[in-house]
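A short worksheet on the structure shown next.
Please treat every number below as a calculation from the coordinates, not as lab data. Given the structure is predicted, the values throughout are model-derived calculations rather than measurements. With ideal geometry, Cβ positions are generated from the backbone for all residues, glycine too; neighbour counts draw on all protein chains shown.
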Amino acid sequence: MNAMKPPEQLIEMWLEDGERVKENYVGLISQEGLDSAKSLGERKKSRNWRFFDCLFEQVSLSSKDSILDVGCGKGELIDYFSLRFSDVRDCNYLGVDVVTEFVKLAKQKFSSRKFEERKFEERKFEERKFEVVNFIDPSFFPEKQFDIVIALGVLVTRVRNYDLFVEYFVKKMVRCTKKYVLFNIISDIDLSSGNYSDPNTVGHSTALNREILHSFLDTIPNCNYRTIPYNIFPDATDLFVQIQLEA
């Protein structure tokens, strides 16, 4: 696939915004504690697994699958697999996140596996690994494609030129996979809710127009996609997107 190349200044701007988003999470860690799910932006201290259930609805998983988890947090996806899909919990896995504290804890939590620090092009993806990196950084592009690339809770946060950012991000995910891309956005919000008080400010939760989403999904070749709306909370509609590449 030909890599989409947005203007260099756009990527630089998004990387700057990523630093602001990271600062928000560092603030949550300081306020709520690293072990609390609130440090990830959750509304309660315990993780809400329903988001994962919606993301993987009707997705076929195998223990042989390799997974790239963008915005991996503290490795919650591995915890989720242990709860719901015990046969795939030991799949080949790479988690990336911009928050150093999250990645450090993930490495500690899953220390039963050896973690190796290698250059991107030298990785073999034969075990669970975690890295501090911004997925949109041009220096990050895996040598091998993954079976599944996911981004749960990553694309619900406002950055500048948000619509273009989501399109660029998703199309890069597609280039990194050979089977599935899974992600979520927020399509509708209640502006009177305190949870969405400032949706147009960088680092705050925001919504993406469904027509804009479909307009660029329709341009991705050789794939099928489905969008699944859920009202997990009464003040917003989460849209879970599953892109399946044609064999």
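Ratio of alpha-carbon Rg to the 2.2 N^0.38 Å globular estimate for the stretch 173-235, to two decimals, please.
That works out to 1.34 for the stretch 173-235.
Quick one: putting +1 on the C-beta of Lys and Arg, -1 on the C-beta of Asp and Glu, what dipole do you get for the chain around its Cα centre, in Debye to the nearest 20?
It works out to roughly 640 debye.
Measure off 7 Å from each Cα along the Cα-to-Cβ vector at residue 215 and residue 82, then give the distance between these two points in nanometres to one decimal.
Label at residue 215, label at residue 82, 4.4 nm between them.
Long-range amide H contacts for residue 186: which residues qualify at under 5 Å (H placed 1.01 Å from N, peptide plane, sequence gap of 5 or more or a different chain)?
For residue 186, the qualifying residues are 208, 239.
Among DSSP beta bridges whose residues both lie in the chain, state the antiparallel percentage, nearest 5.
Around 50 percent of the beta bridges assigned by DSSP in the chain are antiparallel ones.
For the stretch 143-176, list residues with backbone N below 13 Å from a point placed 7 Å from the Cα of residue 232 toward its Cβ?
Answer for the stretch 143-176: 151-157.
Quick check: residue separation of residue 100 and residue 141 times 0.36 nm, minus the Cα distance between them. What number comes out in nm?
Value of the extension gain: 12.8 nm.
Where in the stretch 150-164 is the amide nitrogen less than 15 Å from a point lying 7 Å along the Cα-to-Cβ axis of residue 195?
The answer is 153-154, 156-157, whose backbone nitrogens lie closer than 15 Å to the label point.
Sorted from fewest to most neighbouring beta carbons within 10 Å, what does the list 22, 74, 38 look like?
Listing 22, 74, 38 from fewest to most nearby Cβ atoms yields 38, 22, 74.
What list of ³J(HN,Hα) couplings, whole Hz, do you get for the stretch 36-48 from phi and the Karplus terms 6.51, -1.76, 1.60, once you set θ to phi - 60° and write x for glycine and proline?
Computed from phi, the couplings for the stretch 36-48 are 7, 5, 5, 5, 8, x, 5, 7, 10, 6, 9, 5, 8 Hz.
Residue 48: net charge of surrounding residues, Cβ under 14 Å, Lys/Arg +1, Asp/Glu -1, itself excluded?
+2
With springs only between Cα atoms under 10 Å, which of 96, 88, 159 fluctuates most in a Gaussian network model of the chain?
88
Can you give me the long-range amide H partners of residue 127? Hydrogens built in the peptide plane at 1.01 Å from N, cutoff under 5 Å, separation of 5 or more residues or another chain.
For residue 127, whose amide H was placed from the backbone, the distant partners under 5 Å are 93.
Would you work out if the stretch 1-102 is rounded, prolate or oblate? Take a ≥ b ≥ c from the square roots of the eigenvalues of the alpha-carbon gyration tensor; rounded if a/c is under 1.5, else prolate when a/b is larger than b/c, oblate otherwise.
Oblate, since a/c reaches 1.5 and b/c is not below a/b.
Specify which residue in the list 233, 217, 205 is farthest towards the positive end of the charge dipole of the stretch 151-236, using unit charges on the beta carbon of Lys, Arg (+1) and Asp, Glu (-1), about the Cα centre.
217
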